[in-house]
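The values are calculated or read from the model by the stated rules, or taken from the named source; none is laboratory data. Just so it is clear, the model here is predicted, and its values are computed rather than measured. Here the Cβ positions follow ideal geometry from the backbone for every residue, glycine too, while neighbour counts run over all protein chains shown.
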Amino acid sequence: MADIQAPRAVIGNDTAEFRIAIATGGAGAGEGTLSLVIGDQRVASTPVQALAAFSERTVTARARVPNVPGATLVRAIVAAAGDREPRNDTLTTVLEVSPAAGAVLVSTSPDLDAREALALLRGALALPTRGFYRVAPGVWRQDGSLGPANEGEIRAIVRDAPLVVLHGDTAVFGPPRTATKGALALLAPPAEGSADWYATAAPPSPVSASLSAAAWDSLAPLDVADDVPAGDWAALETRRGRRFERRNAIVGREGSRRTVIVGASGFWRWRVREGVGADAFGALWGGLFDWLSGGRTDARAAVNADAVVHAGDPVRWRRGSGDDSVVTVVLTRRGAPARVDSMTLRFSAGDNIVESRPLATGVYDVQTAGGPSVLAVNPSRELYPRRAIPSGAVGRGGSLADAPRLRSLGWVYAVVIIALCAEWLLRRRLGMR
């Protein structure tokens, strides 16, 4: 087993996707079977073809998560004939199962903005998130599986969710403030044919710090409505064609419940262009969702920051909702030999990640202020084949999507100027003006 990519939090009885990477050493591997076990239930099993030496294969499995609230162990297990090292055949991670959604997105006019916002909502908050799309009058679909959804059930989920994002017709369930008890994000795309507006500034707001490094000149234009209501603060200021006419595209309101109103569309253009556009998209929406949740995405003072942890590697901890910079963690190792240990984590100002000493292989019950969690430590990386192509960013190089644009090449401007001068000289020689 090389890697397992799984959601950190899901809702019981929902279907989740797991991406499992299998790698081989110099001897290769014969045919085998890959099993996915959640808790004590085997939820998926698939055959695996023989692999050559130093090769890798990723298997995607979709499985229903048992409705057992709390932290649940997820084990990916591969079995193959002639295996010489059984200690690297299992990889364990932890899945937080919740009986209800922590955040929900409802869209009556599904588009790329709704899809990208939902993807970032899942990534920015460690909360179980659900999405629903209305594809026709009275016809609803669930995000991911696109299975049918009942409008009555969606209303109930929206009513109880701590964070609700309504996209399209924000009054689909009646007045938004009466449709839910949680924080609100109202995304109202403007009418088709709106003029191009360019983001030019982030006025002082709870998210302005996240946008402090935004390269405004490199962002794609937006469609902005002319009737965005006033708020306590504005998160994004736009101008028509970068001229003097200004409009606020996003405003926020404090009050008893936090509310964000987005009267613009076309943010997906930032995301798909990668580079500075994708960074600005993540900073904007991540900051908005974090503010809506009050920055309290987890009630616990500290939780494990990595999905997969190995013995011998420092354990990374992410700061939760607590305001204390010093957090005491009590670890209780399951099984024999059982052991209780404690450590103190110190978070510096502005730092939400700290490291602690490596732990031995095993499963640990973690107790901190705000509630318990579970930490699974896998065997040392020395037992696992080195991945041929690691996932995520590699080094400091750019990807193919970050290829330089023509306007960034200085010699192009020189060629254009020389061509214009040559044309002018030629026209003068021919007696033309």
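Key figures for this structure:
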quantity: Cβ pairs under 6 Å, 6+ apart, first in the range 246-262 and closer than 19 Å to Asp290 by Cβ, second small (Gly, Ala, Ser) and assigned to a strand (DSSP E or B); calculated: Ala249/Ala264; Ile250/Ala235; Val251/Ala234; Arg257/Ala183; Arg258/Ala183; Val260/Ala185; Val260/Gly252
quantity: Filter result for Thr24 (among the hydroxyl-bearing types (Ser, Thr, Tyr), in contact with a Gly (Cβ under 8 Å, 6 or more places away or on another chain) and buried (at least 18 other Cβ atoms within 10 Å of the Cβ)); calculated: no
quantity: Among (1) surrounded by fewer than 17 Cβ atoms within 10 Å (Cβ to Cβ); (2) free of Cβ contacts under 8 Å to residues at least 60 places away in the same chain; (3) assigned to a helix (DSSP H, G or I) - the single one Arg177 does not satisfy; calculated: (2)
quantity: From Leu284, Leu359, Leu292, residue being touching a residue at least 12 places away in the same chain (Cβ under 8 Å), crowded, with 20+ Cβ neighbours inside 10 Å and over 23 Å from Ala103 (Cβ atoms); calculated: Leu359
quantity: Members of the range 216-243 found to be among the charged types (D, E, K, R) and touching a strand residue (DSSP E or B) at 6+ places or on another chain (Cβ under 8 Å), listed by number; calculated: Asp223, Asp226, Asp232, Glu237, Arg239, Arg240, Arg242
quantity: Failed condition for Gly144, given (1) touching a His at 6+ places or on another chain (Cβ under 6 Å); (2) under 30 Å from Val363 (Cβ atoms); calculated: (1)
quantity: Enumerated strands (runs of 3 or more DSSP E) restricted to the range 1-92, each holding at least 1 residues that are without any contact (Cβ under 8 Å) to a residue 60 or more places away in the chain and not acidic (Asp, Glu); calculated: 15-23, 32-38, 41-48, 56-64, 70-80
quantity: Candidate set: the range 53-96, residues that are under 21 Å from Gly144 (Cβ atoms) and among the hydroxyl-bearing types (Ser, Thr, Tyr); chosen: the one surrounded by the fewest Cβ atoms within 10 Å (Cβ to Cβ); calculated: Thr60
quantity: Unmet criterion (only one of (1) free of Cβ contacts under 8 Å to residues at least 60 places away in the same chain; (2) polar (S, T, N, Q); (3) under 30 Å from Asp217 (Cα atoms); (4) touching a Lys or Arg at 6+ places or on another chain (Cβ under 7 Å)) for Ser325; calculated: (3)
quantity: Subset tally (residues that are of a type outside the set (Ser, Thr, Tyr) and either surrounded by 17 or more Cβ atoms within 10 Å (Cβ to Cβ) or closer than 22 Å to Pro190 by Cα (or both)) for the range 120-155; calculated: 20
quantity: Some residue of the range 388-403 being at pLDDT 85 or above and β-branched (Val, Ile, Thr); calculated: no
quantity: Hits in the range 103-119 (condition: surrounded by fewer than 21 Cβ atoms within 10 Å (Cβ to Cβ) and of a type in the set (Asp, Glu)); calculated: Asp111, Glu116
quantity: Among the candidates Arg155, Arg141, residue that is charged (D, E, K, R), in a strand (DSSP E or B) and either closer than 24 Å to Glu245 by Cα or at pLDDT 85 or above (or both); calculated: Arg141
quantity: Pair list, Cβ under 8 Å, 6 or more apart: the range 209-234 residue in the same structural domain as Leu288 (by TED's automatic domain parsing) and without any contact (Cβ under 8 Å) to a residue 60 or more places away in the chain, other residue assigned to a loop (DSSP other than H, G, I, E, B) and aromatic (Phe, Trp, Tyr); calculated: Leu222/Phe267
quantity: Selection within the range 316-339 - loosely packed, with under 14 Cβ neighbours inside 10 Å and closer than 27 Å to Leu383 by Cβ; calculated: Arg316, Arg334, Gly335, Ala336, Pro337, Ala338, Arg339
